[in-house]
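I have placed the structure first, in the form of structure tokens, so that the comments after it can refer back to it.
The values are calculated or read from the model by the stated rules, or taken from the named source; none is laboratory data. These numbers come from a predicted model, not from an experiment. Backbone-built Cβ (ideal geometry, glycine too); neighbour counts: all protein chains shown.
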Amino acid sequence: MSEKQWVREKSYLQNLNNSTMGKKRIITKTEEELLKERERVEAGLKKEVKIKAVSKTKEGRVYISSSYNNTLITLTDSRGNVLTWASAGSIGFKGTKKATPFAASKVAEAISHIAGRLGIGAIAVLVKGIGSGRESAIRSLAARGLNITSIEDVTPVPHNGCRPPKVRRV
């Protein structure tokens, strides 16, 4: 066997060993990437929010809109004027991580921090949607020291729904 043939056969065997042959490759993040992602989320939580000079109200409303893809929390005064809002995407979560209960609790943490700076102590919570972040957001708001006066579910529910399609005749 000549040297050229031997090198060719050796590279062929190496390619056979390196191929996945039907195995799935799992992409795992390194510790460094995980730390960078965590720092990005923490920076999103500590983002400075400009607060307008509003009358210092003691009570307000918190609207939690939780879908399969994201959690959006809006803080309003007692008349319904929006003071601030936050979502899992605006804090720094991306992709499927936005729909997790952890992301919803981080959003609630950011909203409660802003509510404390505004001087709001008592809130009425209105929850809308069927996502996984509903309960964790409420628990996080309560754990941060906000006095929750009421919790109301305002998810739209159809009474009779759409008209069904006509019967198929074969």
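One table, with the values for the structure above:
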read-out: Flag for I120 being modelled with pLDDT of 90 or more, of a type in the set (A, V, I, L, M, F, W, C) and assigned to a loop (DSSP other than H, G, I, E, B); value: yes
read-out: Test: residue in segment 51-59 that is of a type in the set (A, V, I, L, M), more than 22 Å from P156 (Cα to Cα) and at pLDDT 90 or above; value: no
read-out: Residues of segment 81-101 that turn out to be touching a residue at least 12 places away in the same chain (Cβ under 8 Å), of a type outside the set (D, E, K, R) and assigned to a helix (DSSP H, G or I), as a count; value: 6
read-out: Exclusive hit being under 13 Å from I73 (Cα atoms) and not aliphatic (A, V, I, L, M), set S132, S150, S140; value: S140
read-out: Residue check, I111 under 16 Å from S66 (Cα atoms), of a type in the set (A, V, I, L, M) and either assigned to a helix (DSSP H, G or I) or touching a Gly at 6+ places or on another chain (Cβ under 8 Å) (or both); value: yes
read-out: Considering residues of segment 66-90 that are surrounded by fewer than 21 Cβ atoms within 10 Å (Cβ to Cβ) and of a type in the set (S, T, Y) only, the residue farthest from V41 (Cα to Cα); value: S78
read-out: So S112, is it touching a helix residue (DSSP H, G or I) at 6+ places or on another chain (Cβ under 8 Å), hydroxyl-bearing (S, T, Y) and either under 15 Å from T84 (Cα atoms) or surrounded by fewer than 16 Cβ atoms within 10 Å (Cβ to Cβ) (or both); value: yes
read-out: Pair list, Cβ < 9 Å and 6+ apart or interchain, from segment 141-170 residues that are surrounded by 10 or more Cβ atoms within 10 Å (Cβ to Cβ) to residues that are among the aromatic types (F, W, Y); value: V154/Y63
read-out: Condition met for V82 (in contact with a strand residue (DSSP E or B) (Cβ under 9 Å, 6 or more places away or on another chain), modelled with pLDDT under 80 and on the phi < 0 side of the Ramachandran plot); value: no
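Yes/no per residue for (1) within 30 Å of D153 (Cα to Cα); (2) at pLDDT below 75:
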residue	(1), (2)
E3	no, yes
R8	no, yes
I27	no, yes
L45	yes, yes
S66	yes, no
S105	yes, no
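Residue-by-condition table, conditions (1) aliphatic (A, V, I, L, M); (2) without any contact (Cβ under 8 Å) to a residue 40 or more places away in the chain; (3) touching a Ser or Thr at 6+ places or on another chain (Cβ under 7 Å):
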| position | (1), (2), (3) |
| --- | --- |
| Y68 | no, no, no |
| R79 | no, yes, no |
| A110 | yes, no, no |
| R117 | no, no, no |
| A122 | yes, no, yes |
